[in-house]
1. May I ask you to list the residues in region 59-87 that are out of contact with any Phe, Trp or Tyr (no Cβ under 9 Å at 6 or more places or on another chain) and surrounded by fewer than 19 Cβ atoms within 10 Å (Cβ to Cβ)?
2. Mind listing just one residue for me: the one in region 268-313 that is part of a strand (DSSP E or B) and of a type in the set (S, T, Y) and, of those, surrounded by the most Cβ atoms within 10 Å (Cβ to Cβ)?
3. Where in region 184-267 are there strands (runs of 3 or more DSSP E), lying fully within it, with 2 or more residues that are farther than 19 Å from L279 by Cα?
4. Any residue in region 260-274 that is in the same structural domain as V250 (by TED's automatic domain parsing) and under 19 Å from E244 (Cα atoms) sitting within a Cβ distance under 8 Å of a residue that is aliphatic (A, V, I, L, M) and in a loop (DSSP other than H, G, I, E, B)? List the pairs, counting only those 6 or more apart or interchain.
5. How many residues are of a type in the set (D, E, K, R) and closer than 17 Å to H295 by Cβ when one looks only at region 199-235?
6. Quick one: in region 180-226, which of the residues that are among the polar types (S, T, N, Q) and surrounded by 13 or more Cβ atoms within 10 Å (Cβ to Cβ) is farthest from S251 (Cα to Cα)?
7. Do we have any residue at all in region 205-222 that's of a type in the set (K, R) and closer than 12 Å to F298 by Cβ?
8. Does any residue of region 92-108 turn out to be surrounded by fewer than 13 Cβ atoms within 10 Å (Cβ to Cβ) and at pLDDT 80 or above?
Amino acid sequence: MNHLFEIRIGNKSLTRLILAISGLLITTYATSLPAIASGHENQASNTSVASKDGVQTISFAMNACSDYLISVFGLIPKSIDLKSFPPKGNYKLNGLPNKPLREAFEQASAYAHEHCAKQQYDPNIAFAVNFFYERMPRPGEPMAKWNPMPAISAGAKGDAANPEWEIFNSVAYAETKEGKEEQQRITHRQNDQRANVEFENKKMMFFKTNGVDGFYNPIALNRNPFAMQGKPVLLWARLSQMIEANKAIVSLGDGFAVVSGVPTGAFGGGYYLFFGRVLGNTSFPGNLKQTPVAHLKFIRVIPCPAGDLSKCI
């Protein structure tokens with residue numbers, strides 16, 4: 001399970017943080033800080049944190065050291081159990097109920113003080129810590145693409161002697177009703193996005209296989225069919241009327257076209273994906289506007305009665 005924990009400090013808000021819990025995305029809005037990444041790069045070092053379970057090694061990395069934000073990443077052992085820790089809360093450092101976690105925050109503060117020359121608790125500088133279970137983000141990796149996401153995120157505010165931490169625990173949040181409902185929404189959205197990508201890929205392959213770039217605009221076709229003369233086009237079409245044994249007038253939605261070389265029974269009712277080669281223009285009986293329309297030679301049709309492309313390719 002992937003987890004996230006976020007922090008905000010003082011009256012200054014952090015950059016927009018994307019919190020993910022087991023694929024769950026939670027958005028915390030804040031002011032954009034363009035200079036956030038200036039200063040130190042993400043470089044890890046190890047420090048030991050003692051707990052009642054023995055000595056635990058935590059790796060830290062400086063994520064940002066700027067006039068706006070001090071941000072530290074930490075890689076904590078999974079033996080630090082966050083499930084019993086509240087999903088959200090504001091805590092003085094000495095009031096954190098989880099002793100190993102309190103020690104981890106103390107070490108994160110010390111690491112930031114050592115590796116960033118800025119005043120740690122300057123009220124104009126936000127101080128953020130993100131702890132991860134599996135790995136820390138790589139240098140330059142966008143926050144929205146962190147995988148895995150932090151197990152716990154926090155921000156400090158107040159005086160240097162005893163700052164208050166505003167904490168978000170993604171591990172515990174994922175078990176709440178709100179977290180589970182959000183997870184369902186995210187899962188549904190991800191499934192929709194995945195289906196859309198798969199359909200787009202399938203559609204592009206369909207176009208490529210049939211030698212077209214996509215659907216051609218019927219208005220543009222009738223305005224100047226000679227721009228596509230001799231070339232194949234794909235159109236949505238419905239049979240309007242057979243005017244000869246192998247010649248039809250088809251409706252293109254926006255206008256009409258005449259199609260020659262139509263095999264017997266090729267058109268029935270409903271919509272079709274129609275492939276035709278542009279010959280030029282022509283007129284047809286009953287055309288009240290007396291304006292020439294595009295003339296195409298039949299190549300093939302694919303029945304698509306409901307006009308839903310996803311059901312026809």
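The values are calculated or read from the model by the stated rules, or taken from the named source; none is laboratory data. This structure is a prediction, so every number in the text was calculated from the model and none was measured. With ideal geometry, Cβ positions are generated from the backbone for all residues, glycine too; neighbour counts draw on all protein chains shown.
1. Within region 59-87, D67, S79, D81, K83, S84, P86 qualify.
2. The extreme case among them is Y272.
3. 232-244
4. The qualifying pairs are T264/A245.
5. Going through region 199-235, the residues of a type in the set (D, E, K, R) turn out to be 200, 202-203, 208, 213, 223, 231.
Cutting the leftovers down to closer than 17 Å to H295 by Cβ gives us 223, 231.
Final tally of qualifying residues: 2.
6. Ranking the qualifying residues of region 180-226, first place goes to Q183.
7. no
8. yes
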